[in-house]
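Engineer: My questions will all concern the structure given below.
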Amino acid sequence: MAIEYLKRGKSDADRAEDDAKTRAVVEATLKDIETRGDAAVRELSEKFDNYSPASFRLSQQEIDALIAQLSDRELADIKFAQAQVMNFARAQRASMTDIEVETLPGVILGHKNIPVQSVGCYVPGGKFPMVASAHMSVATASVAGVPRIIACTPPFQGKPNPAVIAAMHLGGAHEIYVMGGIQAIGAMALGTETIDPVHMLVGPGNAFVAEAKRQLFGRVGIDLFAGPTETMVIADETVDAEICATDLLGQAEHGYNSPAVLVTNSRKLAEETLSEIDRLLGILPTADTARVSWEDYGEVILCDSYDEMLQVADEIASEHVQVMTDRDDWFLENMTCYGALFLGPRTNVSNGDKVIGTNHTLPTKKAGRYTGGLWVGKFLKTHSYQKILTDEAATLIGEYGSRLCLLEGFVGHAEQCNVRVRRYGGINVPYGAPAPYRDAAE
């Protein structure tokens, strides 16, 4: 194998140093929010967003006024995108069924899928108003049946963004707050004098938002580590440099630390893509952001074979993976670590980000090795239950349970089983002794 980097991004050591700085800032900020509540949240909002309203929570009157600022076309587009997301979420929800089975005569086991009871949805919006993120979190939670959905988004250019607020409201948010960053995540998870804490946090965000979710995990549930955005293009000579460069920079414009990686087995495509990126950065309106991401986090990796491309892709486990080759379905069949796949040149990551219906809140920082993205199932908890209907079943299971508990040295556990054997089987088992052996077939 001969994997060659035609361009590298920041070293792992430099990235780790950046992460350490972020961790320290987030830890101190969350501690301040937990200690001082609303006062800390207001100070942070004033400092970072220059925003200090009478109430961070929008009233219904304020929501209606914001939605009224949108044109009919804008509102129709939001509703169309939201319908695609909700339709797919409903299909996913229908695939998750409650079950109840009789595993032995008189032994009933089952599980129920129960919605998380309160969710805080973070919708980024300080740099770009992320309208689509409201569909992905709020609307999907609504399909799951979450009874309390609160949503937070930062002010955009000093005030609430009408399109984001419309998407939150139409998606089913019960409470809408205009606040961003660590203060929003901390307020939703920890609670303040005016905000009741939630059971779970979801939604993408910048490095500080992602780290806040990481630090709060355990006190609340989280969907996954989502942010900053990452993209990978896997391509061969069936496509050209323009489409590869466009797909890489289309995600690099998210922020200053958004990795964008080209994996290819074509030196010609690799070199032409590097040149095309330079050309596009000269005309892209968001080049000031995209250029920094590309310079610091962009990579071009040249491989000898498709197997090698697959190996590299699975090792990187990128959030978005755009596959444009002569064997796209082969990658679908064989890739194991990624956020979401975008197969063929006709589709692209922006489809998934905005409108096609799959969820755009996806695992970053190699989390695709152990989790998929946000979906309706993330808002559901699968809880098991059991019941025994007959004396014979209680006796049989009790006998096995008694002996297996004593095998581990748990006398109290064994006695839970023994008391059932005595009561329902009429078998006298001395305290702390193993139940007699009878074959299940008897």
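Engineer: For segment 258-284, which residues satisfy the criterion of being part of a loop (DSSP other than H, G, I, E, B) and either closer than 18 Å to GLN322 by Cα or modelled with pLDDT under 95 (or both)?
Structural biologist: SER258, PRO259, ASN265, SER266
Engineer: Restricting to segment 280-305, what's the tally of residues that are open to solvent by less than 40 Å² (accessible area, probe 1.4 Å) and either out of contact with any helix residue (DSSP H, G or I) (no Cβ under 6 Å at 6 or more places or on another chain) or hydrophobic (A, V, I, L, M, F, W, C) (or both)?
Structural biologist: Within segment 280-305, residues that are open to solvent by less than 40 Å² (accessible area, probe 1.4 Å) and either out of contact with any helix residue (DSSP H, G or I) (no Cβ under 6 Å at 6 or more places or on another chain) or hydrophobic (A, V, I, L, M, F, W, C) (or both) number 14.
Engineer: Can I ask one more? Of the conditions (1) open to solvent by 10 Å² or more (accessible area, probe 1.4 Å); (2) modelled with pLDDT under 95, GLY125 fails just one. Which one is it?
Structural biologist: The single condition GLY125 does not satisfy is (1).
Engineer: Ok, one more. Within segment 427-439, does at least one residue satisfy the condition of being open to solvent by less than 50 Å² (accessible area, probe 1.4 Å), more than 15 Å from ALA393 (Cα to Cα) and either touching a Pro at 6+ places or on another chain (Cβ under 7 Å) or not β-branched (Val, Ile, Thr) (or both)?
Structural biologist: Yes: segment 427-439 contains one or more residues that are open to solvent by less than 50 Å² (accessible area, probe 1.4 Å), more than 15 Å from ALA393 (Cα to Cα) and either touching a Pro at 6+ places or on another chain (Cβ under 7 Å) or not β-branched (Val, Ile, Thr) (or both).
Engineer: Does segment 231-238 contain any residue that is at pLDDT 95 or above, open to solvent by 10 Å² or more (accessible area, probe 1.4 Å) and closer than 26 Å to ALA313 by Cα? Show your work before the answer.
Structural biologist: Step one: filter segment 231-238 for residues at pLDDT 95 or above, giving 231-238.
If we keep only those that are open to solvent by 10 Å² or more (accessible area, probe 1.4 Å) too, we end up with 237-238.
Now restrict to residues that are closer than 26 Å to ALA313 by Cα: 237-238.
Yes, the conditions are met somewhere in segment 231-238.
Engineer: Could you identify the single residue in GLY250, GLY255, GLY221 that is assigned to a loop (DSSP other than H, G, I, E, B) and either at positive phi or open to solvent by less than 60 Å² (accessible area, probe 1.4 Å) (or both)?
Structural biologist: Working: GLY250 fails: assigned to a loop (DSSP other than H, G, I, E, B); GLY221 fails: assigned to a loop (DSSP other than H, G, I, E, B).
Sole residue among the options that is assigned to a loop (DSSP other than H, G, I, E, B) and either at positive phi or open to solvent by less than 60 Å² (accessible area, probe 1.4 Å) (or both): GLY255.
Engineer: For segment 301-334, enumerate the residues that are under 19 Å from PRO345 (Cβ atoms) and not in a helix (DSSP H, G or I).
Structural biologist: Those that are under 19 Å from PRO345 (Cβ atoms) and not in a helix (DSSP H, G or I): SER318, HIS320, VAL321, GLN322, VAL323, MET324, THR325, ASP326, ARG327.
Engineer: Something else about it: Does segment 19-72 hold any residues that are outside any helix (DSSP H, G or I), under 28 Å from the mean Cα position of the chain (by Cα) and among the hydrophobic types (A, V, I, L, M, F, W, C), and which are they?
Structural biologist: Once the filter is applied, which keeps residues that are outside any helix (DSSP H, G or I), under 28 Å from the mean Cα position of the chain (by Cα) and among the hydrophobic types (A, V, I, L, M, F, W, C), segment 19-72 yields PHE56, LEU58.
Engineer: Can you tell me which residue among VAL131, VAL119, VAL178 is touching a helix residue (DSSP H, G or I) at 6+ places or on another chain (Cβ under 7 Å) and either open to solvent by less than 20 Å² (accessible area, probe 1.4 Å) or acidic (Asp, Glu) (or both)? Walk me through how you get there before you give the answer.
Structural biologist: Numbers: VAL131 fails: either open to solvent by less than 20 Å² (accessible area, probe 1.4 Å) or acidic (Asp, Glu) (or both); VAL178 fails: touching a helix residue (DSSP H, G or I) at 6+ places or on another chain (Cβ under 7 Å).
One residue alone meets the criteria, VAL119.
Engineer: Restricting to segment 98-115, name every residue that is under 22 Å from the mean Cα position of the chain (by Cα) and either open to solvent by 80 Å² or more (accessible area, probe 1.4 Å) or aliphatic (A, V, I, L, M) (or both).
Structural biologist: First, pick out the residues of segment 98-115 that are under 22 Å from the mean Cα position of the chain (by Cα): 113-115.
Passing the criteria: only ILE114.
Engineer: Cβ contacts < 9 Å: first residue without any contact (Cβ under 8 Å) to a residue 12 or more places away in the chain, restricted to segment 13-35; second residue among the polar types (S, T, N, Q), any location; separation 6+ or different chain. Result?
Structural biologist: From segment 13-35, the pairs are ARG15/ASN257.
Engineer: Please list, ordered by first then second residue, the pairs with beta carbon atoms under 7 Å, 6 or more apart or interchain, first in segment 371-383 and under 15 Å from ILE149 (Cα atoms), second surrounded by fewer than 16 Cβ atoms within 10 Å (Cβ to Cβ).
Structural biologist: Sorted first by the residue in segment 371-383, then by its partner, the pairs are LEU380/MET96; LEU380/ILE114.
Engineer: In segment 195-217, how many are in a loop (DSSP other than H, G, I, E, B) and over 24 Å from ASP18 (Cβ atoms)?
Structural biologist: Within segment 195-217, residues that are in a loop (DSSP other than H, G, I, E, B) and over 24 Å from ASP18 (Cβ atoms) number 5.
Engineer: Restricting the first residue to segment 341-358 and requiring it to be open to solvent by less than 20 Å² (accessible area, probe 1.4 Å), which pairs with a second residue that is hydroxyl-bearing (Ser, Thr, Tyr) meet a Cβ separation below 7 Å and a spacing of at least six or different chains?
Structural biologist: Listed pairs, sorted by first residue: VAL349/THR231; GLY352/THR358.
Engineer: Inside segment 78-89, can you point out the residues that are more than 20 Å from ALA144 (Cβ to Cβ) and open to solvent by less than 80 Å² (accessible area, probe 1.4 Å)?
Structural biologist: Hit for segment 78-89 is ILE78, nothing else.
Engineer: Would it be correct to say that GLU271 is open to solvent by 60 Å² or more (accessible area, probe 1.4 Å) and within 16 Å of ALA245 (Cβ to Cβ)?
Structural biologist: yes
The values are calculated or read from the model by the stated rules, or taken from the named source; none is laboratory data. Remember, predicted model here, so these are calculated numbers, not experimental data. Positions of Cβ are generated from backbone atoms using ideal geometry, with glycine treated the same way; all protein chains shown enter the neighbour counts. SASA here: full protein model, heavy atoms, side chains in, ligands and nucleic acids out. Shrake-Rupley method; radii C 1.70, N 1.55, O 1.52, S 1.80 Å.
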